[in-house]
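The values are calculated or read from the model by the stated rules, or taken from the named source; none is laboratory data. Fair warning: this is a prediction, and the values are worked out from it, not measured in the lab. Note that each Cβ is placed from the backbone with ideal geometry, even for glycine, and that neighbours are counted across all protein chains shown.
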Amino acid sequence: MCVVAACVAERGPFTNRMAQSATSYLARAARQPVDWQPWSRDAFALAAKLDRPVLLYIGGDACHWCTETDRAIYTDPEIGSLINALFVPVRVDRDERPDVARRYQVAVERLAGLQGWPLTVFLTADGGPFFGGTYFPADDPITGRGLKQILPEVARSYRENRAFVIQHAALVRQLAAGDPAHGVLQRAPLQAEIARLRTELSAALAGGPGEGGGTRLSSVMHVEAVSVLLAEFARENDSTALATARAALDLFLEPESSRAATTAGAPGGVRREDPPRLVQAALLRALAKAWVVTGDVRYRERGRELAGRIARELRGGDRPLFADQEGYVIEAVLHSAATFGDAAAERRATMALDGVLQRMYARGWGVRHAAAGSVHRLLQDQVQVAAACLAAHHASGDRRYLDVARDLAAVIERDYGDSLGGYYDRMEPDPAAPALSDRSKPVFDDMLPGGNAWAARMLLRLAEATGDVRYRRRAEAALESIAGAVPGAGIRAAAFLGSAREVLASR
């Protein structure tokens, strides 16, 4: 420890650079004693120059345990000194860089079997992950899992066992970034996966309010699973699927105060904590489907109430605007407003979509991820905004929205498409970290439905709107390009199962 103590006494060769960040989540960290660097080529070059590992921390505004970590851990001067002396600390907003967040979330799952937020990942100087987890306490001398114990040990391992660390990081990178296997869409395997999804959702419900059920129902993927089961009831008259879906909806519709009691104190990695707007948007879509397939007026009443609230908040506040999230929310409001006959919500959502297109879309170029501070163009941005445009065209009949959707479909095919089928997450490799130089095909649902599954859904809607069967063929190819990764995925593949079910039903 004397070596570490000597290092801590030195002043690091860099300073906290969060003050000029584009998001409030990052900017708030400017007052912390950790010398945070932005995600950039310069940060990794600095790590290589200083021969240090990178400490990557990924969080977001809507994450309770991210807030708790900032409050209780990264304000600690001792931890700040350790980090500054031994690492190059890099801080990422998961909403600003969902592509980076998704890659390292997969890496942490491979490394530690954990899901959740925040992410704390230790990287080589080229961005390769070799150790990580979700929430780490500040101090835990008994188990050795506190940051005050982990930080010196990780730095020592990087210094003394470099060959093993690099080899391990390369293996994790390979596991996390590999392309999924192709597969064929067939009814029997799909039905088996839907049954698995139903079983997993039932297990998440087990125990009920206050006994653990609520801690496990806090994500977009859970609500998308409800929509899959409602569609299964509509097609197959599966009463078991309906009963599970209605039980989940009942829990989601509980007052927030009741649900909060079930999630308080959950350790990082147990509660996913997707942004509430996204969960509410997914819930809104599920309520619209529930009203259609059951005729239960309770779903219509709660759906209209929720649609009105979300629509009123679409353009309010000082929150940053991200195209993928905004498109997802707008599409949900437009779809539900048409189902419930809510003209006011439809009008507000259409105005919000016009604002997104005006600020973030250019014909032939696509949609940028953020209105300011980022020029990254991601698959989800194109897919979600195209889906919102198709919902606007369906609601209003205005052809300009259809034209934008067709243009975005062309951009997706040109810039993100794989000749073997399916779509990559980014238009081009990430320039910051060589270890993230490979593009990957998103398969599973996370804060938003899986990119390829939702692209297929959008293309199916475009085929319906235009009568062009080529869009349907592209949707089927996208699903088949990732189908080999789906068996056993259950709830995480909810969007895939919903889109694949549509394809098979129309054959």
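Does residue 357 count as assigned to a loop (DSSP other than H, G, I, E, B) and among the aliphatic types (A, V, I, L, M)?
Numbers: assigned to a loop (DSSP other than H, G, I, E, B): no; among the aliphatic types (A, V, I, L, M): yes.
Judged against the criteria, residue 357 is not a match.
Kindly provide the set of residues from the range 46-87 that are without any contact (Cβ under 8 Å) to a residue 12 or more places away in the chain and more than 29 Å from residue 447 (Cα to Cα), ordered by number.
49
Could you figure out which of (1) over 30 Å from residue 38 (Cβ atoms); (2) acidic (Asp, Glu); (3) crowded, with 17+ Cβ neighbours inside 10 Å isn't true of residue 464?
(3)
Within the range 1-120, which helices (runs of 4 or more DSSP H) (wholly inside it) include 1 or more residues that are within 29 Å of residue 438 (Cα to Cα)?
Counting at least 1 such residues, we get 24-27, 41-50, 64-72, 77-86, 98-112.
Run down 476, 464 and say which single residue is closer than 27 Å to residue 196 by Cβ, charged (D, E, K, R) and either assigned by TED's automatic domain parsing to the domain that holds residue 241 or in contact with a helix residue (DSSP H, G or I) (Cβ under 6 Å, 6 or more places away or on another chain) (or both). I'd like the intermediate steps shown before the answer.
Working: 464 fails: closer than 27 Å to residue 196 by Cβ.
476 is the lone residue from the list that is closer than 27 Å to residue 196 by Cβ, charged (D, E, K, R) and either assigned by TED's automatic domain parsing to the domain that holds residue 241 or in contact with a helix residue (DSSP H, G or I) (Cβ under 6 Å, 6 or more places away or on another chain) (or both).
Return only the number of the condition from (1) within 20 Å of residue 90 (Cα to Cα); (2) part of a helix (DSSP H, G or I); (3) at pLDDT 90 or above that residue 132 does not satisfy.
Status for residue 132: all satisfied but (2).
What single numbered condition from (1) in contact with a Lys or Arg (Cβ under 9 Å, 6 or more places away or on another chain); (2) in a loop (DSSP other than H, G, I, E, B); (3) of a type outside the set (Ser, Thr, Tyr) fails to hold for residue 420?
That leaves (1) as the condition not met.
Out of all the residues in the range 438-489, which are among the acidic types (Asp, Glu), assigned to a helix (DSSP H, G or I) and closer than 25 Å to residue 188 by Cα?
Residues of the range 438-489 that are among the acidic types (Asp, Glu), as a first pass: 438, 445-446, 464, 468, 476, 480.
If we keep only those that are assigned to a helix (DSSP H, G or I) too, we end up with 464, 476, 480.
Across the range 438-489, the qualifying residues are 476, 480.
Do we have any residue at all in the range 411-418 that's free of Cβ contacts under 8 Å to residues at least 40 places away in the same chain, aromatic (Phe, Trp, Tyr) and in contact with a helix residue (DSSP H, G or I) (Cβ under 8 Å, 6 or more places away or on another chain)?
Just the residues of the range 411-418 that are free of Cβ contacts under 8 Å to residues at least 40 places away in the same chain, to begin with: 414, 416-417.
Now restrict to residues that are aromatic (Phe, Trp, Tyr): 416.
Subsequent filtering for residues that are in contact with a helix residue (DSSP H, G or I) (Cβ under 8 Å, 6 or more places away or on another chain) retains 416.
Yes, the range 411-418 has at least one match.
Looking at the range 339-357, is at least one residue within 23 Å of residue 430 (Cα to Cα) and among the basic types (Lys, Arg)?
Of the range 339-357, the ones within 23 Å of residue 430 (Cα to Cα) are none.
No: zero hits.
For the range 323-354, which residues satisfy the criterion of being assigned to a helix (DSSP H, G or I) and either charged (D, E, K, R) or not assigned by TED's automatic domain parsing to the domain that holds residue 277 (or both)? Working first, answer last.
Within the range 323-354, the first condition is being assigned to a helix (DSSP H, G or I), and the residues that meet it are 323-340, 343-354.
Residues satisfying the conditions are 324, 326, 331, 346, 347, 348, 354.
For the range 59-73, how many residues are surrounded by 22 or more Cβ atoms within 10 Å (Cβ to Cβ) and under 18 Å from residue 146 (Cα atoms)? So that I can check it myself, show each step before the final result.
To start, the set of residues in the range 59-73 that are surrounded by 22 or more Cβ atoms within 10 Å (Cβ to Cβ) comprises 59-60, 63, 66, 69, 73.
Now drop any that are not under 18 Å from residue 146 (Cα atoms), which leaves 66, 69, 73.
Result for the range 59-73: 3.
I need a count of the residues in the range 323-373 that are touching a His at 6+ places or on another chain (Cβ under 6 Å) and closer than 15 Å to residue 278 by Cβ. Steps first, answer last, please.
Residues of the range 323-373 that are touching a His at 6+ places or on another chain (Cβ under 6 Å), as a first pass: 323, 369.
Of the ones still in play, those that are also closer than 15 Å to residue 278 by Cβ are 323.
Residues meeting the conditions: 1.
Can you work out which of the residues in the range 410-446 that are aliphatic (A, V, I, L, M) and closer than 19 Å to residue 368 by Cβ is surrounded by the fewest Cβ atoms within 10 Å (Cβ to Cβ)? Give the derivation first.
Pass one, the range 410-446, residues aliphatic (A, V, I, L, M): 410-412, 420, 427, 432-433, 435-436, 443.
This time we only want the ones that are closer than 19 Å to residue 368 by Cβ, so: 410-412, 427, 432.
Numbers: 410: 14, 411: 22, 412: 24, 427: 18, 432: 20.
So, considering only residues that are aliphatic (A, V, I, L, M) and closer than 19 Å to residue 368 by Cβ, the one surrounded by the fewest Cβ atoms within 10 Å (Cβ to Cβ) is 410.
Does residue 477 fit the bill of being surrounded by fewer than 23 Cβ atoms within 10 Å (Cβ to Cβ), at pLDDT 95 or above, farther than 20 Å from residue 323 by Cα and among the hydrophobic types (A, V, I, L, M, F, W, C)? First the steps, then the outcome.
Numbers: surrounded by fewer than 23 Cβ atoms within 10 Å (Cβ to Cβ): yes; at pLDDT 95 or above: yes; farther than 20 Å from residue 323 by Cα: yes; among the hydrophobic types (A, V, I, L, M, F, W, C): yes.
Yes, satisfied.
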